[in-house]
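The values are calculated or read from the model by the stated rules, or taken from the named source; none is laboratory data. Worth saying up front: this structure is predicted, and the values here are computed from it rather than measured. Using ideal geometry, Cβ is built from the backbone for each residue, glycine included, and neighbour counts are taken over all protein chains shown.
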Amino acid sequence: MHYNRLGRSGLQLSALSLGSWVTYHNQVDVKSAVELMAAAHDAGVNFFDNAEAYALGASETVMGEALRQLDWPRLNYVVSSKFYWGLDRGDRPAINRRNTLNRKYLLQAVDGSLKRFGLDFIDLVFCHRPDPHTPIEETVWAMHQMIADGKALYWGTSEWSAAEIRAAWEIAERHHLHKPVMEQPQYNLLHRARVEQEYARLYEDCGLGLTTWSPLASGLLSGKYRQGIPEGSRGAMENMAFLREGLTSPARNAVVEQLAPIAQELGGSLAQLAIAWATMNPRVSTVILGASRASQLQENLGALALRERLTPELMARIEAITAPVAA
Ligand SMILES: NC(=O)c1ccc[n+]([C@@H]2O[C@H](COP(=O)([O-])OP(=O)(O)OC[C@H]3O[C@@H](n4cnc5c(N)ncnc54)[C@H](OP(=O)(O)O)[C@@H]3O)[C@@H](O)[C@H]2O)c1
C-alpha cells in the first residue's frame with residue numbers, strides 16, 4: 001500500500017480505501033463487514049467511507065459495530081460520513097431534513113451519525129450534493145462549526161461543481177473558517193471529465209484532494225455485465241434498477257471487451273486494471289473500492305501490483321480505447 005496526502009491537508013490516506021454504499025446492511029452484515037474491514041486493514045487500508053443516507057443510517061450502524069469488534073486504535077483509521085438527503089422519521093416528511101445543507105439539518109445530522117457509529121468524532125464529513133436552496137455561506141459556517149465543536153476533523157464536498165467548490169473555499173478564506181479540503185467525485189475509465197478538466201484549476205488554487213468513487217462503474221468495468229445481468233449482482237437488485245441501462249449498455253461493454261487483452265498482458269483482471277488506472281492520476285488521494293464479498297476485495301486490493309507494469313505505452317492504448325466513450 002502507498003499513502004497520499006489528502007490534498008493540501010496533513011492527513012495521509014491509503015491509495016485504496018473501502019466504502020459501504022449498497023453493500024452494508026443490504027449485502028454485508030456485521031460479521032462480513034468485520035471480515036472485509038480486517039482484510040482491508042491488513043493490506044494497509046486506513047480509510048472507510050460511509051454516509052448518513054446509505055441504507056438509511058443502517059450502514060453507519062453496521063460499520064460502527066464492526067469498528068467496536070475490531071477495536072483498532074482510533075489514530076489508525078479514518079471514517080467518513082456525508083450529509084444532504086436526510087433521514088425521514090415519523091409520520092410526515094420533515095421539511096428541514098430533506099435534500100438540504102442548511103445549518104439546522106447539518107448540525108443535527110452529524111449528531112445522528114456519531115450516535116450510529118458510536119464514535120466521538122468523524123474524520124471526514126462531506127456535503128453529499130450541492131444545495132441550490134441554501135446560501136453556500138450558511139453551509140460553510142455550519143461545516144466550520146462541526147469542526148470547531150470537535151465533531152469532525154476535515155470537511156469537503158461530493159459532486160459539487162468547480163464554481164461551487166471555489167465559492168465555498170473563498171468564503172472560508174475570507175472569514176478564516178475551516179476550508180473544504182476534499183471533494184468526492186465519481187472517477188473511472190468511463191467517467192473522467194469532472195476530475196480531469198472541470199476541477200483542473202482547483203488542485204493548485206485550493207489544494208483540493210480527491211476521494212473518488214465507483215472505480216468499477218458499479219461493477220461494469222469488471223467485465224461481468226458483458227453477457228447480461230448476473231444473478232446476485234448489483235444490477236440484479238430491485239432498488240438498483242436505475243443502474244441497469246448503463247450496466248448493460250452495448251457501447252460501454254464493447255469498451256470493456258477491448259480492455260480485456262490489456263488486462264491479460266498485465267497479468268491481472270479487468271477490475272484490477274480499472275482500479276490501477278484510477279490510482280495513476282496524481283490528483284486522486286484515494287480510490288474508494290466497493291465489494292459485496294471478500295473474494296472481490298482481495299482481487300481489487302491486488303490492483304496496486306499492476307501499477308508498475310502500466311507503462312506509458314499501455315496507458316496510451318487504454319486512452320485510445322476509453323477516451324472516445326468517456327463522459
Ligand atoms: N459520494 C457519492 O456520491 C458516492 C456515490 C457512490 C459511491 N460512493 C462511495 O464509493 C464507494 C465505491 O463505490 P462503488 O461501490 O460504486 O464501487 P465500484 O467498484 O464501482 O462497484 C463496486 C461493486 O462492484 C462489484 N464488484 C466489486 N469488485 C468486483 C470484482 N472484482 N468482480 C466483480 N464484481 C465486483 C460489487 O457489486 P456486486 O457484487 O453486488 O455486483 C461491488 O459492490 C461506495 O461504497 C461509497 O463509499 C460515493
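If you take the residues of the stretch 243-271 that are among the charged types (D, E, K, R) and either within 14 Å of the ligand (Cβ to nearest atom) or free of Cβ contacts under 8 Å to residues at least 40 places away in the same chain (or both), which of them is farthest from Gly302 (Cα to Cα)?
Glu245
Inside the stretch 203-220, can you point out the residues that are more than 7 Å from the ligand (Cβ to nearest atom) and crowded, with 16+ Cβ neighbours inside 10 Å?
Correct list: Tyr203, Cys206, Gly207, Leu208, Gly209, Leu210, Thr211, Thr212, Leu220.
Please tell me if Tyr54 is within 15 Å of the ligand (Cβ to nearest atom), over 13 Å from Leu289 (Cβ atoms) and among the aromatic types (Phe, Trp, Tyr).
yes
Quickly run through the stretch 298-314 and pick out the residues that are charged (D, E, K, R) and either surrounded by fewer than 12 Cβ atoms within 10 Å (Cβ to Cβ) or farther than 15 Å from Pro282 by Cβ (or both).
Scanning the stretch 298-314 gives Glu299, Glu308, Arg309, Glu313.
Considering only residues that are in a loop (DSSP other than H, G, I, E, B) and farther than 23 Å from Trp155 by Cβ, which ones fall in the stretch 46-71?
Asp71
With the requirement that a residue be in contact with a Lys or Arg (Cβ under 7 Å, 6 or more places away or on another chain) and either of a type outside the set (Phe, Trp, Tyr) or over 25 Å from Arg5 (Cα atoms) (or both), what does the stretch 189-208 give you?
Leu190, Val195, Leu202, Cys206, Gly207
Just the residues that are in a helix (DSSP H, G or I) and more than 12 Å from the ligand (Cβ to nearest atom), please, taken from the stretch 272-282.
Passing the criteria: Ala276, Trp277, Thr279.
Of all residues in the stretch 40-51 being within 13 Å of the ligand (Cβ to nearest atom) and not polar (S, T, N, Q), which is farthest from Ala294 (Cα to Cα)?
Of everything passing the filter in the stretch 40-51, Ala51 is farthest from Ala294 (Cα to Cα).
May I ask you to verify whether Ser285 is surrounded by 14 or more Cβ atoms within 10 Å (Cβ to Cβ) and either near the ligand (Cβ under 8 Å from one of its atoms) or of a type in the set (A, V, I, L, M) (or both)?
In short, no.
Determine which member of the set Trp85, Trp21 is at pLDDT below 95, under 18 Å from the mean Cα position of the chain (by Cα) and outside any helix (DSSP H, G or I).
Of Trp85, Trp21, the one residue that is at pLDDT below 95, under 18 Å from the mean Cα position of the chain (by Cα) and outside any helix (DSSP H, G or I) is Trp85.
If Ile229 passes every condition in (1) under 23 Å from Leu314 (Cβ atoms); (2) in a loop (DSSP other than H, G, I, E, B); (3) of a type in the set (Val, Ile, Thr) but one, which one does it miss?
The failed condition is (1).
Considering each residue of the stretch 2-28, count those that are in contact with a helix residue (DSSP H, G or I) (Cβ under 7 Å, 6 or more places away or on another chain) and away from the ligand (no atom under 13 Å from the Cβ), and give that number.
Selection size over the stretch 2-28: 1.
From the set of residues in the stretch 285-299 that are in contact with a Leu (Cβ under 8 Å, 6 or more places away or on another chain) and assigned to a helix (DSSP H, G or I), which is nearest to Pro185 (Cα to Cα)?
The qualifying residue nearest to Pro185 (Cα to Cα) is Leu297.
For the stretch 155-176, enumerate the residues that are buried (at least 19 other Cβ atoms within 10 Å of the Cβ) and assigned to a loop (DSSP other than H, G, I, E, B).
The answer is Ser158, Trp160.
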